[in-house]
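The block underneath contains the structure these notes are about, expressed in structure tokens.
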Amino acid sequence: MIGMPGHVSWNEGSKVAAERPHAAIELPEGSWWDWDVLAWGGDQFRLAAGFDLIYHHGLELVFTAPLLVSCPTAFQDPVFRAPTPEELHRVTQQLGGRPPVLAVFEADAGGGESASCLVAAERLDMVRETVLRYWREDAAPGQRFAPWVQPPEQ
């Protein structure tokens, strides 16, 4: 992992990933119980996490150049793990090669059983900062808002 304050990158070029290719993703310390798909378009697939996503979130997993995505739009309490040899083989066959990033996790998606989720991408960045999900006139300069949040006059 390559780190700067609030921002961590995970790809095959990083030292940790090179030592442990396709290892389980390690999240930073925090309460990351509630998750949803924040954005999916262009060249990114973005997951947001927090202890309660009504007002804000504090972590984003930003997958650049997603190659394969299989996960619900909202889920809770994911457990990240290394892919099984069978999962890695299946993804490698589907994509015609091993993806640089392969995130695999089990999560509560509201059904009777855990949902098995998988995201293959060229790169993964973890961004840790408070992102508001509602408009605030008194927000600090530079405060980031979720993509759908607009000032009332717009």
Check your understanding: Karplus couplings for the stretch 127-137 from phi (6.51 cos²θ - 1.76 cosθ + 1.60, θ = phi - 60°), rounded to Hz, Gly and Pro as x?
Key -> 10, 10, 6, 6, 10, 6, 10, 8, 7, 9, 4
**Study point:** GNM result for the chain, Cα springs below 10 Å: residue of Leu59, Leu124, Leu67 fluctuating most strongly
**Key:** Leu67
Study note, to complete from the structure: A 1.4 Å probe over the protein heavy atoms gives the chain a carbon and sulfur accessible-area percentage of 53
Point to revise | Rel. contact order, % - alpha carbon contacts under 8 angstrom, at least six apart, the stretch 113-154 | key: 32
Review point. Given H placed on each backbone N at 1.01 Å, which residues far from Ile25 in sequence or on other chains put an amide H within less than 5 Å of it?
Key: Arg81, Val104
**Study point:** Backbone N within the stretch 47-85 under 16 Å of label point (7 Å from Trp40 Cα along the Cβ vector)
**Key:** 47-49, 61-76
Check your understanding: Which of these, Asp34, Asp108, Asp43, has the largest mean-square fluctuation under a Gaussian network model of the chain (Cα springs below 10 Å)?
Key -> Asp43
Practice item. Please report, to one decimal in angstroms, the Kirkwood hydrodynamic radius of the stretch 48-133 built from all distinct Cα-Cα pairs. Key: 14.0
Exercise for review: For Ala74 paired with Gln93, estimate the spin-label separation in nm (one decimal), with each label point 7 Å from Cα along the Cα-to-Cβ line.
Suggested key: 3.6
Exercise for review: Averaging over all projection directions, find the projected area of the Cα convex hull of the chain and quote it in nm² with one decimal place.
Suggested key: 10.3
Exercise for review: Scan around Leu53 for amide H atoms under 5 Å from its own, H built in the peptide plane at 1.01 Å from N, and keep only partners 5 or more places away or cross-chain.
Suggested key: none
Check your understanding: Where the only charges are on Cβ atoms (+1 Lys, Arg; -1 Asp, Glu), what is the dipole of the chain about its Cα centre, to the nearest 20 debye?
Key -> 420
Check your understanding: So what J values fall out for the stretch 68-75 if you push phi through Karplus, 6.51 cos²θ - 1.76 cosθ + 1.60 with θ = phi - 60°, rounded to Hz, Gly and Pro as x?
Key -> 7, 9, 9, 6, x, 6, 8, 7
Practice item. Considering the options Leu102, Val149, Cys117, tell which one lies farthest towards the positive end of the dipole of the stretch 95-154, charges being +1 on Lys and Arg and -1 on Asp and Glu at the Cβ, about the Cα centre. Key: Leu102
Study note, to complete from the structure: For the chain, the longest principal axis of the Cα atoms and the Cα long axis of helix 85-95 enclose an angle in degrees, to the nearest 10, of 80
Review point. Calculated from DSSP H runs of 4 or more alone, at -39500 (n - 2.57) each and per residue, what is the 222 nm mean residue ellipticity of the chain, nearest 500?
Key: -3000 deg cm²/dmol
Exercise for review: Tell me the label-point distance for the pair Phe51, Glu137, using the 7 Å Cα-to-Cβ offset, in nm and rounded to one decimal.
Suggested key: 2.9
Point to revise | the stretch 41-111 versus the stretch 138-154: alpha-carbon centroid distance in Å | key: 27
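The values are calculated or read from the model by the stated rules, or taken from the named source; none is laboratory data. Just so it is clear, the model here is predicted, and its values are computed rather than measured. Neighbour counts run over all protein chains shown; Cβ positions are idealised from the backbone, glycine included. What goes into the accessible areas is simple: the full protein's heavy atoms, side chains included, and nothing from ligands, DNA or RNA. Shrake-Rupley method; radii C 1.70, N 1.55, O 1.52, S 1.80 Å.
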